[in-house]
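Step one of this worksheet: look at the structure below.
The values are calculated or read from the model by the stated rules, or taken from the named source; none is laboratory data. As the structure is a prediction and not an experimental result, all values here were calculated from the model. Note that we place each Cβ from the backbone using ideal geometry, even for glycine, and neighbour counts take in every protein chain shown.
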Amino acid sequence: MKLLIVGAGLTGAVIARILAESGHECVVLEESGHVAGNCHTEKDSKTGIMMHCFGPHTLHSDDDQIWDFIERFIEIYPYKHKKQAWVKGEIYPFPINLSAINRFFNTDLDSDQARNFLEQEAAQFRTQDPENFEQAALSGIGAGLYEGFYKGYTRKQWGREPTDLPPFIFRRLPIHLDDESNVYHHSRQGQPIGGYTLMVERMLDHPMIEVRTGVAFTACMDTTDFDHTFYSGPIDRYFGWCLGRLPYRTLDFKPEHRRETFQECGTVNYCDEDIPYTRVAEHKHFWPWEEHKQTVITYEFSRECGEGDIPYYPVQLNEGNELFEKYVEMAIKEPQVSFVGRLGTYRYLDMDKAIGEAMQSAYQALEAIGLNDSIPAFFFSPGSSE
Ligand SMILES: Cc1cc2nc3c(=O)[nH]c(=O)nc-3n(C[C@H](O)[C@H](O)[C@H](O)COP(=O)(O)OP(=O)(O)OC[C@H]3O[C@@H](n4cnc5c(N)ncnc54)[C@H](O)[C@@H]3O)c2cc1C
């Protein structure tokens, strides 16, 4: 079969690789000048530090099959991501842990005392079924921590009132009542030695795969040459935004070179609303096997995604998203196209999830080819975005 794959991010690369290894010809169209999509990395020309061009990334997963697939292409250096939060001029471990609680409230509590303390802090806001982010936060941790660590940051990050955002966004942010300081708790965590773009280039390096960078797909392109299309671009863009634009947040990155290390860890969230950026990433921390005296940091600014901007985070609102549901209805009627990946299904997907779904999409396609010699259009888990 001859397959068209739109987008050379992780999703497109994994699908192409699996189908190519089964003897199918894959043409991958990528509108930018490089592969790897959102996790693209590139060496800074001044310092040689590997930069996360579209925001810092760390691989983390509990799925051995996904990890084994990745390790076919690149060696993973064990790395545990650490984060801090800047609140009113003080730096705290983040996610919030016991030491952050004690420093913030100037207390000396142990784990059990901290649990009781937070229960008291939250008691007046307690509700069985929080209806929004703010209610979930207040009824979980009380007003002190919510206002210090989350309220301003959430308004900057999402450009929305926390009362307009769904409670699950708060629930996915852990709080530790011990001295745990790692961001992720997956059994496998690390960074690809050589960077993410090298990893994706190797996935795409196969005689049955042709990658055409700098080529944008449009729905009016003639695809009669192809038996099926896997589309990992934005779903609303596929339909020419005919019903309107799905809301996304975009990011502006402002890099800065410095002579010396700027912060202790890879990312620091700036929680105060009067600081215009949401976080600062210091790239060299992500590659601990390298040694650099100099450094590059990037300030991240979040704003509403407009025409021509890169869509990063789908905006999830309390009232759901009717517009997205309408695009799903249109997508389901496209007989030759499967909408895949973070943009095709309008969800935030961690890399392991994106790889896992791409593997499943490709195996599902191979099974269908085996049974009927054709691939039915399918749409992966529409709307499930937690
Ligand atoms: C700021 C940020 C930080 C993140 N950090 C982490 C992290 O630490 N750990 C983690 O596990 N995950 C992280 N992620 C998630 C990770 O980026 C995604 O899992 C991954 O990018 C999904 O890959 P994808 O191929 O589905 O999408 P993408 O990487 O977006 O790839 C889609 C590709 O399609 C191309 N394209 C789009 N439309 C067209 C068109 N019409 N024609 C041709 N090409 C097109 C794009 O240029 C792009 O290259 C982060 C995401 C963001 C936004």
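Of note:
- Any chance R202 is part of a helix (DSSP H, G or I), basic (K, R) and more than 11 Å from the ligand (Cβ to nearest atom): yes
- Within the range 16-129, helices (runs of 4 or more DSSP H) holding 3 or more residues that are surrounded by 14 or more Cβ atoms within 10 Å (Cβ to Cβ), within 14 Å of the ligand (Cβ to nearest atom) and within 20 Å of the chain's Cα centre (by Cα): 64-71
- Contact map, the range 221-244: first residue more than 16 Å from E25 (Cα to Cα) and without any contact (Cβ under 8 Å) to a residue 40 or more places away in the chain, second residue crowded, with 22+ Cβ neighbours inside 10 Å and hydroxyl-bearing (S, T, Y), Cβ cut-off under 6 Å, separation 6 or more or different chains; the map is empty.
- In the range 284-337, the residues that are among the charged types (D, E, K, R), in a strand (DSSP E or B) and buried (at least 20 other Cβ atoms within 10 Å of the Cβ): E300
- Test: G9 is among the small types (G, A, S), touching a helix residue (DSSP H, G or I) at 6+ places or on another chain (Cβ under 8 Å) and within 16 Å of the ligand (Cβ to nearest atom): yes
- Qualifying residue in the range 263-282 (condition: within 12 Å of the ligand (Cβ to nearest atom), assigned to a strand (DSSP E or B) and over 30 Å from Q191 (Cβ atoms)): no
- Within the range 168-181, the set of residues being part of a helix (DSSP H, G or I), under 15 Å from K151 (Cβ atoms) and out of contact with any Phe, Trp or Tyr (no Cβ under 6 Å at 6 or more places or on another chain) is empty.
- A331 touching a Phe, Trp or Tyr at 6+ places or on another chain (Cβ under 7 Å) and either small (G, A, S) or modelled with pLDDT of 95 or more (or both): yes
- Residue check, P382 modelled with pLDDT under 90, away from the ligand (no atom under 11 Å from the Cβ) and not assigned by TED's automatic domain parsing to the domain that holds I235: yes
- Selection within the range 224-258 - among the polar types (S, T, N, Q), part of a loop (DSSP other than H, G, I, E, B) and surrounded by fewer than 18 Cβ atoms within 10 Å (Cβ to Cβ): T224
- Answer residue from the range 205-228, given it is modelled with pLDDT under 95 and within 11 Å of the ligand (Cβ to nearest atom) and is nearest to V328 (Cα to Cα) among those: A219
Every residue, every condition in (1) of a type in the set (S, T, Y); (2) under 25 Å from Q191 (Cβ atoms), yes or no:
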site: D62; (1), (2): no, yes
site: I66; (1), (2): no, yes
site: S99; (1), (2): yes, no
site: Q113; (1), (2): no, no
site: A123; (1), (2): no, no
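- Entry remark, the range 324-353: residues being touching a helix residue (DSSP H, G or I) at 6+ places or on another chain (Cβ under 9 Å), of a type in the set (K, R) and either away from the ligand (no atom under 11 Å from the Cβ) or farther than 14 Å from Y248 by Cβ (or both) number 1 in total.
- Against the numbered list (1) in contact (Cβ under 8 Å) with a residue 12 or more places away in the chain; (2) closer than 19 Å to D205 by Cα, M50 comes up short only at (2).
- Residue within the range 286-300 that is within 30 Å of N132 (Cβ to Cβ) and touching a strand residue (DSSP E or B) at 6+ places or on another chain (Cβ under 8 Å) present: yes
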